[in-house]
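Okay, structure first, notes after.
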Amino acid sequence: INAEYMGTNYSQIIEALNQVRDHLTNPRNMRWQLVSSRKFIPNSNLWTELVPEHLRELDYQTPQQYLLASQQRIPFSNGQSVIVGIEGYDSAELIQSIPVDISWDHPDYPTLLVLSHYISSNEGMFWKELRGRGLTYSFGLTVNPETGLYFFELNRASNVGDAYLVARKLIEEMYQEIRTFNLQTLDASRSSVIASLVMLESTLDKATKRSFVRSIRGSKDDVHKIIEDINSVTESDVQRALRNYLVPLFFSNKSQLSIVTNAYKVPSVMDFFNSNVKRELFRVQPKQWFLSI
C-alpha cells in the first residue's frame, strides 16, 4: 500500500488494509495440510470441528504418494536436457538423473551405495580429477529408491562443460577397465557406508525414528541386514553395478540433464554440450523453471 500515492486520505488507506486483512483471513483462500497418524486421519471428528464445511473433504495421500508428488510436477520427460540462466550467478550447477528399478530391499541397493561412495569419496577418483583440477567445488552420486532415480551432481562448477566431460571420461575408462578398482579403497568405501548408516541409528531416539521410516517405506530389512549386505559387496558386484547403472546414467539417451548457470554463459554452454556431448539443451526461463517445481 503506497501511502504517498494515496495522499492524506487515511480512510482510503484503512479501507485498503481491511481488504488485505479480509483476503488473508478468508478460509476460502487458505490451503490446509494435515500430517498425522494414518489411523487418526480418516475418522477424525476433530478435523470437522476445526475447519469450515467446504474444506472438510480430505485429499488423502499415502507417505509414498506425498514424497513422489514433487517429482510428478516436473514437466520434463526422460532424455530431455534443459538449461536455466540466472543473472549474477558466477558458478554453475548440474544435475543428471536416470530412472532405476531400485527399492530399499533390492539386492543392488547396497552395491550402488558402495560404488557411489568409491567414486565420489574424499581423495577418490572424482575428488582428484574434478576438484583437484579446480573444475568444480563439489560433486556427488546418489541413488534414491523413493523417487526411483540415480543422480550425478556438480555444484559450484567453475567450468561445467569440462567438469562433466572429465567425469564422463572417467566412467568410460572404468567401463573399459583402463582404470581398475583398488581393493583397499573399495574396502574403505564399504566401511564408510556402514559407518554412515550406523550414525543414523547411534541413539535410541534415532533408531526408533529410522524404524518408523522403514515401516512407511515398506522395507523388510533392518539395519543389521543392510550392513551385512554392504560388507558382502565384492569387486564383481560393483563392476556389474557400474555397467547396469552408472554407465547408462552418463551415456543413455534416457537420462535427464539440468544445468543452472549465469545467463550470459548459456549460449556457450549450449554449444559446448551440443558439440562435445551430443546433447541439445533447451533453454528455460527462470520463472518457468521455478514454477514447474
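A full extension of the chain between ARG156 and PHE251 corresponds to an added length of 31.9 nm, given 0.36 nm per residue minus the alpha carbon distance.
Surface composition of the stretch 117-270: carbon plus sulfur atoms hold 50% of the accessible area, using a 1.4 angstrom probe and ignoring ligands, DNA and RNA. Cβ-Cβ distance of GLU177 and LEU17, R₀ of 51 Å, FRET efficiency by 1/(1 + (r/R0)^6): the value works out to about 0.10. For the stretch 169-293, the relative contact order comes to 24 percent (Cα pairs under 8 Å, sequence separation of at least 6). Taking trypsin sites (Lys or Arg not before Pro) across the stretch 181-247, the ones in a DSSP loop with at most 15 further Cβ atoms lying within 10 angstrom of their Cβ are LYS220.
Between the amide H of ILE86 and those of THR261, ASN262, ALA263, distances stay under 5 Å, these residues lying 5 or more places away or on another chain, with hydrogens modeled in the peptide plane. For the pair TRP104 and SER91, the difference between a 0.36 nm per residue extended length and the Cα-Cα distance amounts to 1.2 nm.
The values are calculated or read from the model by the stated rules, or taken from the named source; none is laboratory data. Values in this document were obtained by computation on a predicted structure and should not be read as measured data. Here the Cβ is made from the backbone with ideal geometry for all residues, glycine too, and neighbour counts use every protein chain on show. Just so you know, the surface numbers come from the protein's heavy atoms only, side chains and all, with ligands and any DNA or RNA stripped out. Shrake-Rupley method; radii C 1.70, N 1.55, O 1.52, S 1.80 Å.
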